[in-house]
1. Tell me the net charge near residue 307. Cut-off is 13 Å between Cβ atoms, residue 307 excluded, with +1 for each Lys or Arg and -1 for each Asp or Glu.
2. In whole Å, how far is the Cα centre of the range 239-272 from that of the range 348-364?
3. At 222 nm, what helix-only mean residue ellipticity would the chain give, in deg cm²/dmol to the nearest 500, using -39500 (n - 2.57) for each DSSP H run of four or more?
4. Any chance you could get the radius of gyration and Dmax over the Cα atoms of the chain, in Å?
5. Grab the other residues whose beta carbon is less than 14 angstrom from that of residue 197, score K and R as +1, D and E as -1, and report the net.
6. Between the range 177-226 and the range 20-81, what's the alpha-carbon centroid distance in Å?
7. Could you tell me whether the range 1-110 comes out rounded, prolate or oblate from its Cα gyration tensor? Rule is a ≥ b ≥ c as square roots of the eigenvalues, rounded for a/c under 1.5, then prolate if a/b exceeds b/c, otherwise oblate.
8. If we sort 77-83, 261-267 on the protection proxy, mean other Cβ atoms within 10 Å, highest first, what's the order?
Amino acid sequence: MSLTMKVLVGMVLGIVVGLAINLLGFNSPGSFINEFVVDGVFYVAGKMFVNALKMMVVPLVLFSLVTGVCGIGDVRLLGRIGGKAFVLYMLTTAIAIASALAIAGSIGIGQGMNATTAAEFTGKEAPPLTDTLINIIPSNPINAMSEGEMLSIIFFAILFGVSLLMVGKKAAQAIEFIEIMNEVMMKMVGLIMVLAPYAVFCLIAKAMADLGMDLLLQLIGYVAVLIGVLLFHLFVTLQAVLKLFSGLSPAMFLNKIRNTQVFAFSTSSSNATIPVTLRTVTERMGVNNSVASFTVPFGATINMDGTAIMQGVATVFIANIYGVELGMSGYLTVIMMSVLASIGTAGVPGVGLIMLSMVFAQVGLPIEGIGLILGVDRLLDMIRTAVNVSGDAVVSTIVAKSEGKMDIAVYNDPNAGVVYTEDVHVDEEVERELAGVVQSTHDR
Ligand code: ASP
């Protein structure tokens, strides 16, 4: 069985077991199952796996991006790739939110609902755009890396790669070293992914056991419309964009992106999913590392189609509940704010709500309205993160195809880059060989 299949099985079992625990009432505080299974095994194993993914993000982005820049070898080309990716990311996000507003608005969700049940919610501040711009340049690169500031890391890595190129011959060994490190990090991704089926099971079982169905049913209108628009964006808009700009097969794309979506779904974080997205677009879809190493982490930070859709649907929902007329200019403001907010906020769990309070403040909707949808946001965060990473992969593919930095044969091969558990083993021959090398250096 391929890893993708195993991960999917883990996900389905997780949903079934988690919901069963919730529906049978085994998750009451203090009960054995809650203490030792849900908050014990599931929680610990899930968190450990997410940590393992996050552990790889910074070194992987750094090494692969420097390798990528050196691989391109041309600063102008790099600017063109960046420009294309940026425009496409903004374009898809704008389409996402516009379609969310249009669909939710024409259905009229939330009309006639009573607003007095609002729970408490105090919004956190989203970073102002000026700060985002300033912080692209890290005053301390080590700090940026330890904080996982993606835009700063990207900036530093590009500059570092460009400087390596400019130093030329003398830097050849350094470039080679970084290329090897990049390969090592990719190997690590493959290694950790072998554990994914079990981790995905734990993460999802815990989420479902905590969540249950009650809240979901109460807000069924909001949830259904939101999921509908998310699916529409994933299967119609993004695929149309892919076909239109690259001519590549959407069916093949959807088939290969599934694994990455499950990772995004179970971690609720585009950032933590970067290693998997990077591996999928390069090894399974044939995108050259020189493009993917830049577009994937860039996209995880600035591109959030799914989150933008949530904001569109939530805005219409809350506006209707409180009986606020937004009007055309209000809607345009929402579109602009969501696109801008997505640039400044990183792809980590729950960020969507911070962006939403920013949008609400701008158009004068009551921030505490967010309290109404807070309860179901966990699950919706999972779904929209899967849409977010799909958008990153679509744009990476389009940019690579347009620059001729893509192996079409790999893209069209359904089995390219599939991980089989048997592949990840220690090769005894290599081990012996390596031991010999170490020994001889020792002897010298
Ligand atoms: N969790 C989302 C992401 O990482 C962001 C959000 O919508 O909260 O892409």
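1. Net charge in that neighbourhood comes out at -3.
2. Cα centroid to Cα centroid, the span is 25 Å.
3. Using -39500 (n - 2.57) per qualifying helix, the result is -24500 deg cm²/dmol.
4. Rg then Dmax for the chain, in Å: 22.7, 83.
5. Surrounding charge for residue 197 is +2.
6. 7 Å
7. It is oblate, given that a/c is not under 1.5 and a/b is not larger than b/c.
8. 261-267, 77-83
Values quoted throughout were computed directly from the atomic coordinates according to the rules given, and no laboratory measurement underlies them. What you are looking at is a predicted structure, and each value in this text was computed from that prediction instead of being measured. So basically every Cβ, Gly included, is an ideal-geometry build from the backbone, and we count neighbours across all protein chains shown.
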